[in-house]
Amino acid sequence: MTKIFALHENPDWFPPFARAFEASGVEVEEWLLTDGVLDLDQEPPEGIFWSRISASAHTRDHGLSKDYARAVLSWLEAHGRRTVNGRGILELEMSKIDQLTALKAAGIDTPRTVAAIGKHRILDAAEGFPVPFITKHNQGGKGLGVRKFESHEELAEYVESPEFEEPQDGITLIQEFIQAAEPIITRVEIVGGEFIYAIQADTARGGFQLCPADACAIDPVTGKPIMPPGATIEPEEGQQLFSLREGFDHPIIAKYLEFTRRNNIEVCGIEFIETADGRVLTYDVNTNTNYNAVVEAQAPRSAPAALVAYLSSLAAPASEPALR
C-alpha cells in the first residue's frame, strides 16, 4: 500500500484520526506544517497526501502554516503526487467569499453577504443592510470576527474602537442575521463523495463558535468551558453542544454531494441553518472538518474510520481490494 501522509498544523485536533488509523492497521505519517525548510529541487516521497490545514491557524501562533501549506501542496502537485483536499481546496478553506460564491454557483442558497475590502470600507458595505446583521472575517473559523449589531451606529462605534478585530486578510464580511426556526445549526459530514452523518449544534450555548473538536470546548488557560461570542446561555462543564441528527434525510444532502463533486472537495463538513421564514441557508464549508467524540459514540458509522477507509482505497494497489 502506498504511504499516507497527513498535512496539518494542530496536534490537538489529530488524536481521533491517529486512533482511527491505528485501529485500521494503516500507517500514517504526520507532516506538521508550522515552519520548516522546503527544498524545491528534492522530489517528494511517493504517497497519498491529505491536507487539513485550517483557516484559523494564525490563532494558534501558526501564522506561517497557510503559506507553508500552499508551497508544499504546489510542490507535491507539480510532481504529480495525489493530494486530498489539495492546493485549490486550501484556497476555499481560506476564503468565505470563495465558499459562498461556489455554493451560489451550485444553486445552493446562502445568506446575503457584502465584502468590505479594508477596514475603511466596512460602513460603506453595511449601508442599506437591514438590522440586525453580523460581521465575520473572510479568513476565519472558530467564529472569528463574528459579532451581531442592532444598528449601524453600533457598528460605527465598534469599527473605531480598540475592540475592533482586524481580519487576517483585511476582508470583513457583512452578512444578514439569520433568525433560526430553532436555536441550532446543522453540519453535514461528507467523505469521498459519501454522506456520513449530520450533527446539530446548540447555538444558544455555542453561539458563533461551533468547532466540534473536544479541544475547542475548553479554555486552555483556565480549564473551564468557553463562553463563545453570540451565546445566550453559559455552557456548563460536561455539557454537550453537539448531537447526532438522527434520521436526517433532506434534499440538501444531494445538493452538497454534487457541490463537492463539482469542486473536487473530498473531505468536508458543510453547515446550514433552517430559518424561521422557511429557508435553508448554507453559510460555511469546513475542509479541515473535525469530529465530535459524543456524536461519534451515537453515530451508526464512524467518520474518522470512513476517512481512513477512503484514503486507504486511494493508496491500495489496483489489484487489491480497498479497506472496508
Legend entry - Over region 135-210: Rg over Rh, Cα atoms, Kirkwood Rh: 1.05
Legend entry - Computed FRET value (nearest 0.05) for residue 160 with residue 121, which takes r as the C-beta separation and R₀ as 22 Å: 0.95
Legend entry - Sparse-neighbour loop sites [GluC sites (Glu not before Pro); region 1-80; at most 13 other C-beta within 10 Å; DSSP]: 27, 46
Legend entry - Cα centroid separation, region 132-180 to region 60-101 (Å): 25 Å
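Determine the sum of side-chain charges near residue 262: Lys and Arg each +1, Asp and Glu each -1, restricted to other residues whose C-beta is under 14 angstrom from that of residue 262. Can you show the working numbers first?
Working: positive: 104, 255, 261; negative: 98, 258, 266.
After counting each charged neighbour, the total is 0.
Could you compute the net charge surrounding residue 73? Neighbours are other residues with a C-beta less than 15 Å from the C-beta of residue 73; K and R count +1, D and E count -1.
Values: positive: 52, 66, 70, 81, 82, 87; negative: 9, 67, 77, 91, 93, 266.
That works out to 0.
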Inset, instruction - Treating the angle as unsigned and between 0 and 90°, give the value, to the nearest 10°, between the Cα long axis of helix 15-24 and the longest Cα principal axis of the chain. - result: 30 degrees
Legend entry - Listed residue pairs exceeding 22 Å between alpha carbons, taken from 3/142; 96/148; 119/148; 148/255; 96/255: 3/142; 148/255
Inset, instruction - Have a look at the DSSP beta bridges in the chain and tell me what percent are antiparallel, nearest 5. - result: 75 percent
Inset, instruction - Starting from the amide H of residue 195, placed 1.01 Å from N in the peptide plane, find each other amide H under 5 Å away whose residue is 5 or more places distant or on another chain. - result: none
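Values quoted throughout were computed directly from the atomic coordinates according to the rules given, and no laboratory measurement underlies them. Every value quoted in this text rests on a predicted model; they were computed, and no experiment measured them. Here Cβ is always computed from backbone atoms with ideal geometry, including for glycine, and neighbour counts include all displayed protein chains.
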